[in-house]
Amino acid sequence: MTGKIYRFDSAAAAAARDAAMQEAEDNAKAEWKAGVLFIIEGVAKVTEEFTTDRIWWFIDKRGVGRPREPRALGPMMRKAAANGWVVKTDRTRKGVRPECHRRDLRVWKSLVYHPDNR
(Lines give C-alpha, C1' and ligand atoms only; values in the text may rest on other atoms or scores of the structure.)
Protein backbone atom coordinates (compact mmCIF):
# COMPACT_ATOMS: atom_id res chain seq x y z
CA MET A 1 0.00 0.00 0.00
CA THR A 2 1.44 3.32 -1.03
CA GLY A 3 0.24 6.72 -0.06
CA LYS A 4 1.25 10.15 0.95
CA ILE A 5 3.08 10.43 4.24
CA TYR A 6 1.90 13.36 6.30
CA ARG A 7 4.34 15.10 8.55
CA PHE A 8 3.01 16.64 11.73
CA ASP A 9 5.18 19.45 12.97
CA SER A 10 3.73 22.19 15.17
CA ALA A 11 6.67 24.55 14.60
CA ALA A 12 6.32 24.23 10.83
CA ALA A 13 2.56 24.70 11.11
CA ALA A 14 3.03 27.89 13.17
CA ALA A 15 5.60 29.21 10.68
CA ALA A 16 3.23 28.51 7.78
CA ARG A 17 0.39 30.29 9.63
CA ASP A 18 2.57 33.31 10.33
CA ALA A 19 3.79 33.48 6.74
CA ALA A 20 0.22 33.29 5.39
CA MET A 21 -0.96 36.00 7.78
CA GLN A 22 1.95 38.24 6.80
CA GLU A 23 1.23 37.72 3.10
CA ALA A 24 -2.47 38.53 3.60
CA GLU A 25 -1.56 41.69 5.51
CA ASP A 26 1.08 42.75 2.98
CA ASN A 27 -1.43 42.43 0.13
CA ALA A 28 -4.12 44.51 1.84
CA LYS A 29 -4.24 48.20 1.00
CA ALA A 30 -3.05 50.63 3.67
CA GLU A 31 -6.37 52.53 3.57
CA TRP A 32 -8.28 49.30 4.21
CA LYS A 33 -6.05 48.37 7.14
CA ALA A 34 -6.40 51.83 8.72
CA GLY A 35 -10.17 51.78 8.28
CA VAL A 36 -10.47 48.32 9.78
CA LEU A 37 -8.32 49.19 12.79
CA PHE A 38 -10.56 52.22 13.37
CA ILE A 39 -13.61 49.93 13.24
CA ILE A 40 -12.10 47.35 15.59
CA GLU A 41 -11.21 50.01 18.15
CA GLY A 42 -14.70 51.50 17.91
CA VAL A 43 -16.41 48.14 18.31
CA ALA A 44 -14.17 47.28 21.26
CA LYS A 45 -15.12 50.53 23.01
CA VAL A 46 -18.85 49.74 22.90
CA THR A 47 -18.98 45.92 22.94
CA GLU A 48 -17.73 43.69 25.76
CA GLU A 49 -17.26 40.61 23.57
CA PHE A 50 -17.58 40.00 19.86
CA THR A 51 -16.47 37.88 16.92
CA THR A 52 -15.12 39.05 13.61
CA ASP A 53 -18.65 38.77 12.19
CA ARG A 54 -19.37 42.08 13.93
CA ILE A 55 -16.25 43.61 12.41
CA TRP A 56 -17.25 42.44 8.91
CA TRP A 57 -20.73 43.91 9.46
CA PHE A 58 -19.21 47.33 10.17
CA ILE A 59 -16.73 46.97 7.30
CA ASP A 60 -19.71 46.55 4.97
CA LYS A 61 -21.87 49.19 6.68
CA ARG A 62 -19.11 51.83 6.60
CA GLY A 63 -18.21 51.04 2.98
CA VAL A 64 -14.58 50.23 3.76
CA GLY A 65 -14.64 47.53 1.10
CA ARG A 66 -13.37 44.00 1.08
CA PRO A 67 -9.70 43.10 0.74
CA ARG A 68 -8.57 40.75 -2.00
CA GLU A 69 -7.81 38.21 0.73
CA PRO A 70 -10.40 38.07 3.56
CA ARG A 71 -7.80 36.50 5.84
CA ALA A 72 -6.28 39.98 6.09
CA LEU A 73 -8.66 40.59 9.00
CA GLY A 74 -6.65 38.13 11.13
CA PRO A 75 -3.53 40.31 11.24
CA MET A 76 -5.72 43.33 12.03
CA MET A 77 -7.16 41.50 15.05
CA ARG A 78 -3.61 40.67 16.14
CA LYS A 79 -2.71 44.38 15.84
CA ALA A 80 -5.77 45.29 17.90
CA ALA A 81 -4.58 42.85 20.57
CA ALA A 82 -1.05 44.29 20.42
CA ASN A 83 -2.58 47.77 20.82
CA GLY A 84 -4.24 46.59 24.03
CA TRP A 85 -7.81 46.91 22.73
CA VAL A 86 -8.81 43.22 22.75
CA VAL A 87 -7.72 39.81 23.93
CA LYS A 88 -8.60 36.37 22.58
CA THR A 89 -10.81 34.22 24.75
CA ASP A 90 -10.84 30.43 24.72
CA ARG A 91 -14.45 30.50 23.50
CA THR A 92 -16.03 30.45 20.07
CA ARG A 93 -19.42 31.22 18.51
CA LYS A 94 -20.86 29.95 15.27
CA GLY A 95 -20.40 32.38 12.41
CA VAL A 96 -23.50 33.92 10.85
CA ARG A 97 -22.09 35.07 7.52
CA PRO A 98 -23.00 32.57 4.79
CA GLU A 99 -19.41 32.41 3.52
CA CYS A 100 -18.34 31.14 6.95
CA HIS A 101 -20.61 28.07 6.73
CA ARG A 102 -21.40 28.36 10.48
CA ARG A 103 -17.80 27.60 11.42
CA ASP A 104 -16.54 28.44 14.89
CA LEU A 105 -15.25 31.99 15.24
CA ARG A 106 -13.06 33.19 18.09
CA VAL A 107 -14.71 35.35 20.73
CA TRP A 108 -12.67 38.46 21.46
CA LYS A 109 -12.94 40.31 24.78
CA SER A 110 -12.61 44.07 24.80
CA LEU A 111 -10.06 45.65 27.10
CA VAL A 112 -11.34 49.18 26.37
CA TYR A 113 -15.08 48.64 26.78
CA HIS A 114 -16.96 50.92 29.10
CA PRO A 115 -20.77 51.07 29.35
CA ASP A 116 -20.66 54.87 29.15
CA ASN A 117 -19.22 54.56 25.62
CA ARG A 118 -22.57 53.35 24.27
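The values are calculated or read from the model by the stated rules, or taken from the named source; none is laboratory data. This one's a predicted model, so the numbers in the text were calculated from it and none came from an experiment. As a convention, Cβ positions derive from the backbone with ideal geometry for all residues, glycine included, and neighbour counts pool all protein chains shown. Remember, those area values only see protein heavy atoms, side chains included, never the ligands or the DNA or RNA. Shrake-Rupley method; radii C 1.70, N 1.55, O 1.52, S 1.80 Å.
Observations on the structure shown:
- Placing one equal scatterer on every Cα of segment 1-52 and applying the Debye formula, the log10 ratio I(q)/I(0) at q = 0.13, 0.22, 0.27, 0.29 Å⁻¹ is -0.58, -0.91, -0.99, -1.02.
- Sites residue 91 and residue 5 - FRET efficiency at Förster radius 25 Å, r taken between beta-carbons, to 0.05: 0.10
- Built amide H within the under 5 Å cut-off of residue 105, gap 5+: 93, 94, 95
- Percent of alpha-carbon pairs separated by more than 12 Å within segment 63-118: 75
- Candidate lysines - alpha carbon under 27 Å from residue 79, same-chain residues fewer than 8 apart omitted: 29, 33, 45, 61, 88, 94, 109
- Segment 55-108 versus segment 13-29: alpha-carbon centroid distance in Å: 15
- Under the span-like rule (Cα at least 20 Å along the axis, Kyte-Doolittle mean at least 0.5), DSSP H helices of the chain: 30-46
- Apportionment of accessible area to carbon and sulfur, the chain, percent (1.4 Å): 53
- Accessible surface area normalised per residue over the chain is 69 Å², counting heavy atoms of protein chains with a 1.4 Å rolling probe.
- Excluding the site residues themselves, the longest part of the chain lacking any chymotrypsin sites (Phe, Trp or Tyr not before Pro) in a DSSP loop with at most 13 other Cβ atoms within 10 Å is 9-118.
- Fluctuation leader among 86, 43, 96 - the chain, Gaussian network, Cα springs under 10 angstrom: 96
- Assigned charges on the beta-carbon of Lys, Arg, Asp, Glu; the chain dipole about Cα centre (debye): 320
- Over the chain: Rg over Rh, Cα atoms, Kirkwood Rh: 1.04
- Length-normalised contact order of the chain in % [C-alpha pairs under 8 Å, at least 6 apart]: 31
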